[in-house]
1. Using only Cα atoms, find the angle between the long axis of helix 105-115 and the longest principal axis of the chain, and express it within 0 to 90 degrees, rounded to the nearest 10.
2. How far is helix 2-14 tilted, in degrees, relative to the longest principal axis of the Cα atoms in the chain, given as a value from 0 to 90 rounded to the nearest 10?
3. Quick one: pull the percent of accessible area on region 167-251 belonging to carbon and sulfur, 1.4 Å probe, ligands and nucleic acids left out.
4. Cα-Cα over 32 Å: which of 213/266; 107/147; 203/265; 107/196; 155/218?
5. Cα extents of region 22-74 along the three principal axes, largest first, in whole Å?
6. Once you list every other residue whose beta carbon is under 9 Å from the beta carbon of residue 140, what net charge do they have if Lys and Arg are +1 and Asp and Glu are -1?
7. Run the helix sum for the chain: -39,500 (n - 2.57) per DSSP H stretch of 4+ residues, divided by residue count, reported at 222 nm to the nearest 500 deg cm²/dmol.
8. Return the distance in nm (one decimal) between the two label points of a simple spin-label model at residue 188 and residue 18, each offset 7 Å from Cα along Cα→Cβ.
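The values are calculated or read from the model by the stated rules, or taken from the named source; none is laboratory data. Computed from a predicted model, the values in this text were never measured in an experiment. Neighbour counts are summed over all protein chains in view; Cβ atoms, including those assigned to glycine, are modelled from backbone coordinates with ideal geometry. Accessible surface is based on the protein model in full, side chains and every heavy atom, while ligands, DNA and RNA are left aside. Shrake-Rupley method; radii C 1.70, N 1.55, O 1.52, S 1.80 Å.
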Amino acid sequence: MFKLLETFRVVYETRNFSKAGEILFISQPSVSSQIKQLETELDTPLFTRNGRREIVATPQADLLYQGTLDLLEDWNGIIDRISREQDQRVSCRIAASHTFAVYLLPKLLTELIPAFPTIDFSIQMMNSIEVLEAASRHEIELGFIEKPLSTGRIKRFTMMRDQLVLVGQTGPWLLRETSSGVYHYTKRYLEEYNIKGPFLEVKNNEIIIELIKQGVGKTIISKRAATEHHLPYESLPEEYLRNFYLIQRHHLDSKEVNQCVAFIKKWSEQVEQADLIIEEKTGGA
């Protein structure tokens, strides 16, 4: 049954039998056969065809998908615990949006890894929406995002603040993609000052920073990034003060990963307090 559910999950996410077969390393007819077998066992249709290739999920498939994620997670958790029984190790997959991944996550990991020696951490960098989608698909346990997205079944906790600043003086406006955390604030600034361009979309913070260093373009970035790279910056009003957020699935089957969440919250409070002390000493410059 779990094999059928795994095939169903991939078909549901790709909406394509051939692509699902490529991901699962089985033939397209095998995918179709397994879906048909699952529909027979459940006595309900899961997909309908709309044209030659496009398939549409039924309401029953929508319901089954959410339950399948939980079932497969529980099953994979059991397998993982069995395979790690001798050394009692667990895994924690983390995804972080760009600014947090580059300027805060390494500092967090220097404290997190020694505190949890039995956890095997894996790290990915994505934009905020991609992090949320990965958590929704149960591909990660924890995530860090840079805007207050509606998270549905995912828990969200407010972390430390992050001041955005203006850097660069000449050339095009360097914009992140629309799904990134900083794009919302950049769009607000452009509308507020009726800026019409020219624009250049760059889907990576580090490339943007290198362009600024070369004297190409202007943009809005985290003050942490500007300070780290010794870039002159212009302070922005309070409405450009944002928060980072920690997200997690509602159900984490590892006691150690739940302890990680508590550790991260405490660490965030300490970083926030340290930032306030620095602001007081520098006069908020």
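1. Once rounded, the angle reads 60 degrees.
2. Its long axis makes an angle of about 50 degrees.
3. Numbers: 2290 of 4480 Å².
Using a 1.4 Å probe with all protein chains present, region 167-251 comes out at 51 percent carbon and sulfur.
4. 213/266; 107/196; 155/218, as the Cα separations exceed 32 Å there.
5. Extents along the principal axes: 33, 26, 19 Å.
6. Value of the local net charge: +1.
7. Counting only the DSSP helices, I get -15500 deg cm²/dmol.
8. For the pair residue 188/residue 18, the computed spacing is 4.5 nm.
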